[in-house]
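The values are calculated or read from the model by the stated rules, or taken from the named source; none is laboratory data. Predicted model only: the values in this text are computed from it and were never measured. Here Cβ is always computed from backbone atoms with ideal geometry, including for glycine, and neighbour counts include all displayed protein chains.
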Amino acid sequence: MATNKTAGRPTLKSSHKGANPPAGAKKPKPAAGSSGPKAGAAPKRAPKPVAKRAPKPAASDKAPAAARETRELKNIIVSELDLEKRPKKKPRVDASLASDSARQVAISVATAALDKKASAVEILEVAGKVDYTDFLVLMSGRSDRHVAALASAIDDSLRKKNVRPLAIEGQQRSIWIVMDYRDVVVHIFQEEARNLYDLDGLWIDARRVSVPMPTREGVPAMSDG
C-alpha cells in the first residue's frame, strides 16, 4: 500500500511575507470588505498631467500687431481731442518770453549808465530761465564813487519815467550795487568784484540784447550784444 510521504511532516511557516506558497496549496482569499490596499500602505500618486505650452509667436508676427495697436491708439487720441481740425501754429522766429515794457526799462538802464561812462554794459535776457525777472543788466565802474554815481544816475533817469526800484542793496560800500526793478535787475560792479562773482560766465547761455552806444553826433546807436 502506498503511503503519503508528506503525511506527518510538520508544516513550516515562512517568516517572509509574500513568499510563494508550497506547491498545491491554495492562495488565501482576501477577507470580506477588504477590497483596497492594506492599512498604513502609502497610496500611489497619479502622474501629473503635463501642460503643453503654446508656441511663441515669431518676431515677424509681433511687429504688425504692435503697429496696428499704435495706429488705433493714435486714431482714438485724434478723435477725442479733435487735433486735426485745429489750425497749426507757425513757429515764431527768435521768439522771446520777456515783456516789451521790461525790455524798454532794461535799455533805459543801459542808456543812463553809458551816459555816466559805465564800461562793459550787457543786457541779458533770462526770461524762462528764472522766475523772478526777465532781464539782467550788468556793468562796471572804475571805483566805489563811480559805482555809486552810476546807481544814482540810473535811479534818477527811471524816476523821470515813473519807474521806481523795489529795493537797492550795496550802496554803503559801493563794491557791488543791486537795483531791483522787478522785471529788470541791475548789477553795478567794481571790476574786481565782477570778475570774482562772474555773472557773465554764469549766464553764458543767456541771450544778449543789443545795447545802445552813443555816437559822435550824440544820437545813440544799437550795437550787437
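Checking 182, 173 one by one, the residue that is modelled with pLDDT under 95, within 33 Å of the chain's Cα centre (by Cα) and not aliphatic (A, V, I, L, M) is 182 and no other.
Against the definition (modelled with pLDDT of 95 or more and of a type in the set (Val, Ile, Thr)), how does residue 163 come out, yes or no?
Details: modelled with pLDDT of 95 or more: yes; of a type in the set (Val, Ile, Thr): yes.
Yes; evaluated as a whole, the condition is true for this residue.
If a residue must be surrounded by 11 or more Cβ atoms within 10 Å (Cβ to Cβ) and either at pLDDT 95 or above or farther than 24 Å from residue 130 by Cβ (or both), how many such residues does segment 210-220 contain?
Initial filter on segment 210-220 (surrounded by 11 or more Cβ atoms within 10 Å (Cβ to Cβ)): 210-214, 220.
From what's left, either at pLDDT 95 or above or farther than 24 Å from residue 130 by Cβ (or both): 212-214, 220.
Counting residues in segment 210-220 that are surrounded by 11 or more Cβ atoms within 10 Å (Cβ to Cβ) and either at pLDDT 95 or above or farther than 24 Å from residue 130 by Cβ (or both) gives 4.
The residues in segment 93-115 that are in contact (Cβ under 8 Å) with a residue 12 or more places away in the chain and either of a type in the set (Val, Ile, Thr) or assigned to a helix (DSSP H, G or I) (or both) can be counted, and the count is 14.
Residues in segment 185-203 that are in contact (Cβ under 8 Å) with a residue 40 or more places away in the chain and either surrounded by fewer than 20 Cβ atoms within 10 Å (Cβ to Cβ) or not in a strand (DSSP E or B) (or both): 5 in all.
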